[in-house]
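Take a look at the structure below.
The values are calculated or read from the model by the stated rules, or taken from the named source; none is laboratory data. Given the structure is predicted, the values throughout are model-derived calculations rather than measurements. In this analysis, Cβ positions are derived from the backbone assuming ideal geometry, glycine residues included, and neighbour counts consider all displayed protein chains.
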Amino acid sequence: MYIRRIDSGIPFDSSIYLVVGERTMLVDAGSGLGHRNVADAIRSILGERNLDMVVATHCHYDHVGGLAAIVEEFGCEAYAGELDAQSIRDADDRYTLASAFDGVVRPVDVRDLKDGDVLDLGDSRFRVISTPGHTRGSICLYDEASGALISGDTLFETGVGRTDFAGGSMTDLRRSLTVLSNIDIRELYPGHGKECESYDPAMMARIMNLVGM
Ligand SMILES: [Zn+2]
């Protein structure tokens, strides 16, 4: 299994990760404004193989505006944490923030993921960790064997995501950080900024301190 970050060419887009194992998974889709770049990058990495699934770490426009186009192009399954999955199915602007970005989220028939669910790529298994706080249904994906955590906007290299949007909660985010502080994170793939291929565990303590824990 390996993880590649894909550049959509749109500055405010989320990070988009392609996880290539025996099965293949895209994590987050960006706003969709750079869909052609994203789809072409996926094809050039996968060659003849197809994309098996796309997972949204949460329902914000800069992560899921491109979800519908990815599903249409690759015919893959789409997943999200259950509360945010509902917001994506409904294209609920209160939670997707699409109009705040002057953008559009088209409704997608995403399936619910619950805490503890496993996304099995054959040679690697990503466990779903429910991490509400940035949104109600934010999730992280964790591969125990490699120590890779794909963290969405819950955890960045040097901080955490905002909690002042609809559905955000600093109390929930603190609880989620406690959960994350108990796992062995060796690689971090955050929703914005670059990935850290050797994550410093001391950073987690600093971040927890930063948010008053
Ligand atoms: Zn977000």
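Points to keep in mind about this one:
- Residue in the range 146-163 that is more than 16 Å from Ser14 (Cβ to Cβ), surrounded by fewer than 24 Cβ atoms within 10 Å (Cβ to Cβ) and free of Cβ contacts under 8 Å to residues at least 24 places away in the same chain present: no
- Among the conditions (1) assigned to a loop (DSSP other than H, G, I, E, B); (2) more than 16 Å from the ligand (Cβ to nearest atom); (3) modelled with pLDDT of 95 or more, Thr158 misses just one, which is (3).
- Qualifying positions in the range 164-197 - over 30 Å from Gly9 (Cβ atoms), crowded, with 19+ Cβ neighbours inside 10 Å and among the hydroxyl-bearing types (Ser, Thr, Tyr): Ser176
- Filtered residue count, the range 94-129, keeping only those that are small (Gly, Ala, Ser), more than 16 Å from the ligand (Cβ to nearest atom) and touching a residue at least 24 places away in the same chain (Cβ under 8 Å): 2
- Counting only residues that are among the hydrophobic types (A, V, I, L, M, F, W, C) and within 15 Å of the ligand (Cβ to nearest atom), the range 11-35 holds 4 of them.
- Test: residue in the range 170-178 that is acidic (Asp, Glu) and more than 15 Å from the ligand (Cβ to nearest atom): no
- The helices (runs of 4 or more DSSP H) located wholly in the range 25-78 that include 1 or more residues which are surrounded by fewer than 24 Cβ atoms within 10 Å (Cβ to Cβ) and not charged (D, E, K, R) occupy 35-46, 67-74.
- Meets criteria (under 18 Å from Gly152 (Cα atoms), of a type outside the set (D, E, K, R) and either out of contact with any Ser or Thr (no Cβ under 6 Å at 6 or more places or on another chain) or at pLDDT below 95 (or both)) for Leu33: no
- Residues that are of a type in the set (Phe, Trp, Tyr) and away from the ligand (no atom under 16 Å from the Cβ) occur at least once in the range 70-79.
- Here Ile185 fulfils each of the conditions (1) away from the ligand (no atom under 14 Å from the Cβ); (2) closer than 26 Å to Ala100 by Cα; (3) assigned to a loop (DSSP other than H, G, I, E, B) apart from (2).
- So Val64, is it closer than 23 Å to Leu155 by Cα, under 12 Å from the mean Cα position of the chain (by Cα), within 16 Å of the ligand (Cβ to nearest atom) and in contact (Cβ under 8 Å) with a residue 60 or more places away in the chain: no
- From the list Tyr199, Tyr142, the lone residue that is among the aromatic types (Phe, Trp, Tyr), on the phi < 0 side of the Ramachandran plot and not in a loop (DSSP other than H, G, I, E, B) is Tyr142.
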